[in-house]
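Derivation of every value follows stated rules applied to the coordinates shown; laboratory data play no part. Since the structure is predicted, the reported quantities are computational estimates derived from the model, not experimental observations. Using ideal geometry, Cβ is built from the backbone for each residue, glycine included, and neighbour counts are taken over all protein chains shown.
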Amino acid sequence: MSSTTADILLLALGSFGILITLTVLGEILRARQPVHDANPMLDTYMTRVQSWWGMVAFIGAALLLGKPGIMTLFAFASFAALREFLTLTTKTQADHLALALAFFAVLPLQYVFVGFGWTGLYTVFIPVYAFLFLPMISALRGNPQRFLVRVAETQWALMIAVFCVSHVPALMSLDIAGYGDRSVLLIAFLVMVVQIGDLLDFFFGRRIGRTKIAPGLSPKTWEGLVCGVLSAMVIGAMLSWITPFGLWGAALMAGIASLVGMFGNLVVAAIKRDRGVKDWSHLIPGQGGFVDQLDSVIFAAPIFYQLTKFFYT
Amino acid sequence: MKFLRQFAARIVGQSIRIFARAITAVRAEWKGIEPVPRQRVYFANHTSNADMPMIWSVLPPALRRTVRPVAAADYWLKNKLRAFVGPEVFNCVLVDRRPEVKDKPMDKIIAALDEGSSLIIFPEGNRNMTEDPLLPFKAGLYNMGVARPDVDLVPTWVANLTEIMPKGEVIPLPLICTVTFGEPIHVHPGESKDDFLKRASDALLAQRPEAHK
């Protein structure tokens with residue numbers, strides 16, 4: 001067993017340990033609960049813990065399978081996210097072909113480029129080629145109604161759901177000196193610090209949150225955000241042994257990723273408010289859709305990727 | 001032979017369900033009713049041939065077994081495949097809309113209700129190809145409500161299908177389709193046909209998801 005595999009197994013065991021604690025905690029609270037008293041908070045918590053089990057199992061298995069596993073998992077995540085996003089955007093029949101190409105050509109090609117590690121292609125394919133060509137295809141059908149809104153929203157969907165999401169597996173193609181095949185562990189690092197940061201932001205926001213960051217948009221508070229980011233930094237430092245960043249570097253990278261993720265969460269909340277939906281979809285029981293669950297990771301991924309590339313390769 | 005056909009019908013039905021789930025992630029929103037076995041008439045908007053399979057796919061097994069879509073005989077008897085799928089997979093109540101036919105559609109519908117079946121109907125009568133969200137309803141829904149006043153008439157909105165597969169396109173888009181079930185309505189005693197149909201149409205429009213208005 002290679003040391004990378006051993007580290008993935010260790011991380012998975014650690015995550016299972018945390019999940020077992022969370023599950024037992026929930027079950028104890030439930031056992032104390034009078035049978036006929038409904039407790040929606042506890043039920044939400046339990047369904048969340050259940051889908052975390054699923055997430056840890058999926059991501060763990062994908063990491064162990066190596067590149068093919070990771071590519072498949074994130075390509076599927078992109079597909080689900082794009083489907084959720086494009087369900088809510090403005091479109092007419094004139095966009096049909098452009099949208100079909102987004103799903104069945106742009107998305108698979110982006111993952112092929114990431115899979116082969118063609119940096120020069122996957123970093124510009126969507127922001128340049130898809131950006132220029134898809135509106136042309138829509139224009140050919142000759143419907144000017146709300147044209148700019150239609151093409152802008154489609155491009156946004158592709159940037160968020162495909163370009164940003166694909167930067168998570170793209171971390172594997174970074175060539176970091178002395179780090180070897182361990183770059184797959186960067187994925188685990190990114191997902192763990194951002195998700196745990198979010199969880200603790202939620203927890204502290206409930207406990208000590210006073211000042212809302214953007215009232216009318218999201219219940220997120222400055223107090224929760226600061227605690228969440230600090231916790232992410234602590235977790236990042238604790239996980240520094242799987243990264244090439246060193247102790248302080250790992251804490252800083254974790255802090256930046258978590259901070260970007262939290263503000264990304266606000267952006268996603270604004271879009272949801274505008275479209276009058278609570279969740280993007282109902283794919284994951286208890287937590288809405290893929291975009292709801294992964295919004296912070298989605299925003300953090302390209303920044304984390306670029307910083308790692310700039311400072312460590 | 002009969003057993004084999006039934007088995008094939010089950011397989012085809014499950015495949016349609018899995019296909020609908022995989023492509024459109026179709027899901028039900030039970031806003032006004034619970035998904036419990038109870039005799040109901042689900043009346044829905046009609047924009048695409050996929051409307052009926054979508055509603056059928058989101059119903060839980062116990063409800064799906066007793067539900068019968070009301071559909072046009074001329075469509076479902078056109079060829080052998082359709083004649084298998086319509087009557088045997090979906091268990092359709094096939095009605096003949098031509099005026100010269102003897103057995104009237106309403107008789108067959110009432111007969112199906114008296115057997116205890118639930119129904120899926122499209123009260124607009126035809127597929128809606130216009131920009132308006134709904135066409136004016138035909139009288140059938142009212143006649144059913146008068147003839148069998150105990151049956152719940154459930155407004156059922158199928159969202160997004162026009163965008164998934166607009167008329168004339170070949171490739172379906174994998175967007176999310178939602179089927180929303182509203183609160184049941186009944187014909188009030190003494191209510192006129194036009195008043196009731198207006199009320200039914202409004203009840204159906206009210207189920208339209210916010211994002212699509």
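Taken residue by residue and averaged, Cβ atoms of other chains lying within 10 Å of the Cβ of B:173-180 number 6. Remark: spin-label model distance residue A:124-residue A:50 equals 4.8 nm, labels positioned 7 Å along the Cα→Cβ axis.
From least to most packed, judged by other beta carbons within 10 angstrom and beginning with the fewest, A:123, B:66 follow the order B:66, A:123. The residue among A:276, B:19, B:9 whose Cα reaches farthest toward the positive pole of the charge dipole of the protein assembly as shown, with charges on the beta-carbon of Lys, Arg, Asp and Glu, is B:9. A simple charge model with +1 on the Cβ of Lys and Arg, -1 on the Cβ of Asp and Glu and nothing else charged puts the dipole of the protein assembly as shown at about 660 debye relative to its Cα centre. Residues whose amide H comes within less than 5 Å of that of residue B:152, counting only those at least five positions distant or on another chain, are B:41 (H built at 1.01 Å from N in the peptide plane). Using θ = phi - 60° in the Karplus curve 6.51 cos²θ - 1.76 cosθ + 1.60, the 3J(HN,Hα) couplings for the stretch B:113-126 round to 5, 5, 6, x, 6, 8, 10, 10, 10, 10, x, 6, x, 10 Hz; x is entered for Gly and Pro.
In a simple Cβ point-charge model (Lys, Arg +1; Asp, Glu -1; nothing else charged), chain A has a dipole of about 560 debye relative to its Cα centre. Amide H contacts for residue B:29 (H built 1.01 Å from N in the peptide plane; partners 5 or more residues away or on another chain; cut-off under 5 Å): B:179, B:180, B:181. Can you compute the helix-only [θ] at 222 nm over the protein assembly as shown? Use -39500 (n - 2.57) per DSSP H run of at least 4 residues, normalise by all residues, nearest 500 deg cm²/dmol. Using -39500 (n - 2.57) per qualifying helix, the result is -18500 deg cm²/dmol.
Whole-Hz Karplus values for the stretch A:293-308 come out as 6, 10, 3, 5, 5, 4, 6, 6, 4, x, 5, 4, 4, 5, 5, 4 Hz, taken residue by residue from phi with 6.51 cos²θ - 1.76 cosθ + 1.60 and θ = phi - 60°; glycine and proline positions read x. Distance from the C-alpha centroid of the stretch A:82-122 to that of the stretch A:213-236: 32 Å, rounded to the whole angstrom. Once you reduce the stretch B:160-213 and the stretch B:76-131 to the center of their Cα atoms, the two points are 19 Å from each other. Summarising the label geometry, the points placed 7 Å from Cα in the beta-carbon direction at residue A:212 and residue B:139 lie 5.4 nm from one another. Database remark: amide H of residue A:221 closer than 5 angstrom to the amide H of A:213 (H placed geometrically; neighbours at sequence offset of 5 or more, or on other chains; Pro and chain starts carry no H). The relative contact order of the stretch B:55-213 comes to 19 percent, based on Cα pairs under 8 Å that sit 6 or more residues apart. Indicate the gyration tensor shape class of chain B (rounded, prolate or oblate), computed on the Cα atoms with a ≥ b ≥ c the square roots of the eigenvalues: a/c under 1.5 is rounded; otherwise a/b larger than b/c is prolate and the rest oblate. In terms of gyration-tensor shape, rounded. Rounded to the nearest Hz, the phi-derived 3J(HN,Hα) couplings of the stretch A:171-182 under the Karplus curve 6.51 cos²θ - 1.76 cosθ + 1.60 (θ = phi - 60°) are 4, 5, 8, 6, 9, 9, 4, x, 9, x, 7, 7, where x marks glycine and proline. For chain A, with a Gaussian network of springs between Cα atoms less than 10 Å apart, report the residue from A:178, A:117, A:261 with the top mean-square fluctuation. The residue that fluctuates most here is A:178.
Among A:48, B:65, B:127, the order by Cβ neighbours within 10 angstrom, fewest to most, reads B:65, B:127, A:48.
In terms of the Cα gyration tensor, with a ≥ b ≥ c the square roots of its eigenvalues, is chain A rounded because a/c is under 1.5, prolate because a/b exceeds b/c, or oblate? It is oblate, given that a/c is not under 1.5 and a/b is not larger than b/c.
Peptides B:89-97, A:125-133, ordered by how many other C-beta atoms sit within 10 Å of their residues on average, highest first, read B:89-97, A:125-133. For the residues B:184, B:166, B:87, a GNM of chain B with alpha-carbon springs under 10 Å puts the largest fluctuation on B:166. Using a cutoff of 8 angstrom between alpha carbon atoms and counting only pairs six or more residues apart, the relative contact order for chain A works out to 18 percent. Among residues other than residue B:158 with Cβ under 14 Å from its Cβ, the summed charge is 0 (Lys and Arg +1, Asp and Glu -1).
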